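The values are calculated or read from the model by the stated rules, or taken from the named source; none is laboratory data. Given the structure is predicted, the values throughout are model-derived calculations rather than measurements. Ideal geometry is used to build each Cβ from the backbone, glycine not excepted, and the neighbour counts take in all protein chains shown. Areas reflect the complete protein model, heavy atoms only, side chains present, ligands, DNA and RNA absent. Shrake-Rupley method; radii C 1.70, N 1.55, O 1.52, S 1.80 Å.
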Amino acid sequence: MALDRQEVQHMATLARIGLTEQELESFQDQLSHILEQFQILAEVDTSGVSPTGHAAGASGGAGVMRDDIPQDSSSFEDVLSNAPWQEGEFFRVKAVLEE
Amino acid sequence: MSDLHRLTIHEAHRRLAAGEISSVELTQDCLERIHQVEDRVQSFLTITEEQALEQARQADQRIADGQAGPLTGVPVQIKDVISTRGINTTCGSRMLQDYVPVYNATVVDNLYRQGAVMVGKGNMDEFAMGSSTENSAFHATHNPWDLQRVPGGSSGGGAACVAAQEATYALGSDTGGSVRQPASLCGVVGMKPTYGLVSRYGLVAFASSLDQIGPITRDVTDCAHVLNAITGHDPKDSTSLPQAPKDYLAALNDSLSSSPLAKGRSKGVLRIGVPEEYFVDGMEPGVRDAVETGIKALEDLGATIEPVSLPTTKYALACYYIIAPSECSANLSRYDGVKYGYSFQDTSDMVEAMEKTRQFGFGPEVKRRIMLGTYALSSGYYDAYYLKAQQVRTLIRQDFARVFQQVDALVTPTSPVAAFPLGAKTGDPVQMYLIDVCTLPVNIAGLPSISVPCGFAQGLPVGMQLIGPHLSEESLLRVAHAYEQATEWHKAVPVL
């Protein structure tokens with residue numbers, strides 16, 4: 001399962017990860033090698049097998065629900081305390097749309 | 001410096017409650033020990049000396065008031081993936097180098113409510129992705145038994161810290177073996193509880209369907225004490241099991257035949273299965289010998305040992321390395337340089353800012369897994385990878401369920417290898433992944449398991465893993481404790 005360079009770049013784009021030329025090259029090799037290991041799953045007959053998304057289901061605890069009661073949350077000050085860039089009560093980001 | 005840093009939790013508690021020592025003395029002794037060995041071991045990312053001494057003073061007051069619990073006044077190191085209010089929680093990543101949580105993880109609140117003393121935050125592979133702690137963005141941790149070797153990972157800081165006696169115990173997190181495997185490589189006890197038994201609230205997410213917090217301790221009694229403190233239903237975690245609290249300490253009992261699991265069996269004897277698939281090719285002979293000797297000791301204690309088969313074991317590695325990176329790629333999308341963490345600002349373009357933030361903020365292994373997960377979840381590949389892995393996950397669960405009709409617990413090596421030299425496996429991701437081959441099936445199925453020291457291979461500690469059905473922690477602790485009582489391995493300490 002060899003990945004070509006475009007596929008690796010496509011994944012990086014989807015994942016919003018910038019890569020250097022060198023990283024692109026080494027990831028191409030490494031990810032291809034890892035995907036090769038996954039081919040072993042092709043030999044498993046999974047027809048009619050339902051997927052397990054979560055281990056909690058197996059121990060009886062998937063999706064514990066509670067009543068939707070309003071509670072105090074963190075303060076603006078707390079929520080923004082780690083923000084790299086902020087203004088007033090807002091996170092600031094680079095312009096998304098052109099002016 | 002006295003020898004207080006060598007005490008177990010239960011020994012320290014006895015002496016604290018009797019007024020023979022104070023928590024300030026115990027804490028100071030651990031801090032001195034840290035100063036003495038930390039430049040060689042490097043198990044910490046942050047040392048919280050001032051806060052620890054303040055907590056120790058409060059603990060002493062509480063003890064004087066007759067309010068001491070088993071963990072009151074006892075020093076702990078907490079893995080740096082577990083949120084601590086007001087104290088850096090970096091996840092071993094440049095991305096969160098300056099991140100300071102505004103709330104505590106539920107487990108931290110639970111420990112503080114008990115009067116715990118936190119001496120610092122433990123080193124780890126970045127975002128808990130790795131098996132040697134070499135993926136920490138800040139520095140490697142060294143195995144106290146041989147400083148040229150790795151402590152295992154990803155909770156390598158916690159395991160090395162407990163082995164080096166820098167704190168009495170540690171909290172780690174285990175997504176595919178990250179508590180048990182370093183515990184094994186450092187000669188200490190490590191437990192991954194049943195998925196959902198310990199709240200994940202405040203545990204920075206890696207793979208949410210697999211992550212579970214667990215104790216790293218010097219012996220099994222300590223493990224039961226910590227489990228008592230950190231388990232319990234948490235309304236802030238929707239996967240937290242609605243369980244009534246149990247007393248895990250009461251479960252410790254020397255007789256294997258009185259295991260609650262054994263009741264109703266024809267002979268009333270504990271049956272332990274040995275899955276042949278876990279004794280893999282490439283397993284070190286010294287590890288095999290130590291584990292086989294450990295299994296013999298369990299038999300001498302009255303358990304019946306029978307070979308069993310878990311044929312889906314060979315698919316677990318591929319299954320895990322599709323599911324965990326898929327969940328990781330979703331969970332780590334939150335690191336965009338907007339809300340917290342490292343942020344690349346030197347551009348006017350938002351997309352470029354995000355790409356550069358993630359390029360410079362994440363290390364290579366994290367990037368590899370995000371890319372892998374993105375691939376497995378992308379259109380055209382979802383069915384072949386992610387869906388297929390989830391179906392195989394069902395088969396792996398069913399395999400365990402079938403075997404637990406036949407036996408009460410399983411015994412296996414924790415890791416096929418003892419501690420390896422620093423740098424030996426960093427060049428090949430697949431070689432690193434293979435180290436978790438005996439531990440990750442347990443996370444896939446959400447089962448509890450414990451690693452206990454069972455000997456040495458060429459001077460390096462070896463761990464034996466016990467695995468049980470869902471919520472069988474009491475039986476596992478009982479078996480592990482009986483084994484520990486019959487052996488001396490847990491008493492061995494490295495010379496530093």
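Computed quantities for the displayed model
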| item | result |
| --- | --- |
| Shielded residues, region B:363-393 - accessible-area loss of 40 Å² or more between chain alone and all protein chains, probe 1.4 Å | B:K367, B:R368, B:M371, B:L372, B:T374, B:Y375, B:Y385, B:K388, B:Q390, B:Q391, B:R393 |
| FRET efficiency for B:S238 and A:R5, using Cβ-Cβ distance with R0 set to 51 Å, rounded to 0.05 | 0.80 |
| Average Cα contact separation per residue, chain B, under 8 Å, 6 or more apart, as relative contact order % | 18 |
| Full-extension gain in nm, B:Y381 to B:Q58, via 0.36 nm per residue minus C-alpha separation | 110.7 nm |
| Region B:162-192 residues near the modelled B:Q485 label - backbone nitrogen below 18 Å, point 7 Å along Cα→Cβ | none |
| Assigned charges on the beta-carbon of Lys, Arg, Asp, Glu; region B:348-496 dipole about Cα centre (debye) | 180 |
| Contour minus Cα-Cα distance for A:A42 and A:D78 (0.36 nm per residue) | 8.1 nm |
| Test item: A:31-44 mean partner chain Cβ contacts at 10 Å | 6 |
| Mean Cβ neighbour count within 10 Å, used as a protection proxy, ranking B:191-201, B:5-15 highest first | B:191-201, B:5-15 |
| Carbon and sulfur %, accessible surface of chain B computed with the full protein complex present, 1.4 Å | 49 |
| Residue-normalised accessible area of region B:327-382, given per residue in Å² at a 1.4 Å probe | 38 |
| Residue-normalised accessible area of region B:102-201, given per residue in Å² at a 1.4 Å probe | 14 |
| For residues of B:431-438, the mean tally of beta carbons on other chains within 10 Å | 0 |
| Value at 222 nm in deg cm²/dmol, rounded to 500, when DSSP H runs of n ≥ 4 in the protein assembly as shown each add -39,500 (n - 2.57) | -11500 deg cm²/dmol |
| Average beta-carbon neighbours from other chains, 10 Å sphere, peptide B:303-311 | 0 |
| Of B:A376, B:G341, B:M354, farthest towards positive along the dipole that unit charges on Lys, Arg, Asp, Glu beta carbons give region B:327-382 | B:A376 |
| Peptides B:71-81, B:313-323, B:436-446 ordered by average Cβ neighbours within 10 Å, highest first | B:71-81, B:436-446, B:313-323 |
| Pairs of Cα atoms farther than 37 Å apart, chain B, % | 22 |
| Distance (nanometres) between label positions extended 7 Å along Cα→Cβ at A:H33 and B:Y103 | 4.2 |
| For region B:214-229 and region B:268-310, distance of Cα centres in Å | 24 |
| Debye, to nearest 20: dipole size of region B:327-382, +1 on Lys, Arg Cβ, -1 on Asp, Glu Cβ | 200 |
| Rounded Å value of the spacing that divides the Cα centres of region B:76-104 and region B:351-407 | 25 |
| Centroid-to-centroid separation of region B:109-153 and region B:438-468 [C-alpha atoms, Å] | 18 |
| Under 20 Å from B:K314, Cα to Cα: lysines that are on another chain or at least 8 residues apart | B:K388 |
| A/B buried area, accessible surface, summed, 1.4 Å probe, Å² | 5400 |
| Computed E for B:V493/B:S208 - FRET, C-beta separation, R0 35 angstrom, nearest 0.05 | 0.45 |
| Surface per residue (accessible, 1.4 Å probe) for region A:1-43, Å² | 55 |
| The protein assembly as shown - charge dipole about Cα centre, Lys and Arg +1 at Cβ, Asp and Glu -1, debye rounded to 20 | 1200 |
| Cα gyration tensor shape for the protein assembly as shown, rounded if a/c is under 1.5, else prolate or oblate | oblate |
| Coordinate range along principal axes, alpha carbons of chain A, Å, largest first | 54, 47, 24 |
| With every protein chain in place, region A:1-43: carbon and sulfur % of accessible area (1.4 Å) | 48 |
| Contour minus Cα-Cα distance for B:E292 and B:D428 (0.36 nm per residue) | 46.0 nm |
| Burial ranking of peptide ranges B:298-308, B:145-155, B:231-241 (average Cβ count within 10 Å, highest at the top) | B:145-155, B:231-241, B:298-308 |
| Point-to-point label distance, B:E32-A:V49, nm (Cα→Cβ direction, 7 Å offset) | 5.8 |
| Computed accessible area, A:S81, all protein chains, 1.4 angstrom probe, square angstrom | 70 |
| Given B:K192/B:K236; B:K246/B:K491; B:K192/B:K356; B:K121/B:K246; A:K94/B:K367; B:K121/B:K236, the pairs whose alpha carbons are separated by over 31 Å | B:K192/B:K356 |
| Nearest-0.05 FRET efficiency for B:N88 and B:R6, computed from C-beta distance (R0 22 Å) | 0.15 |
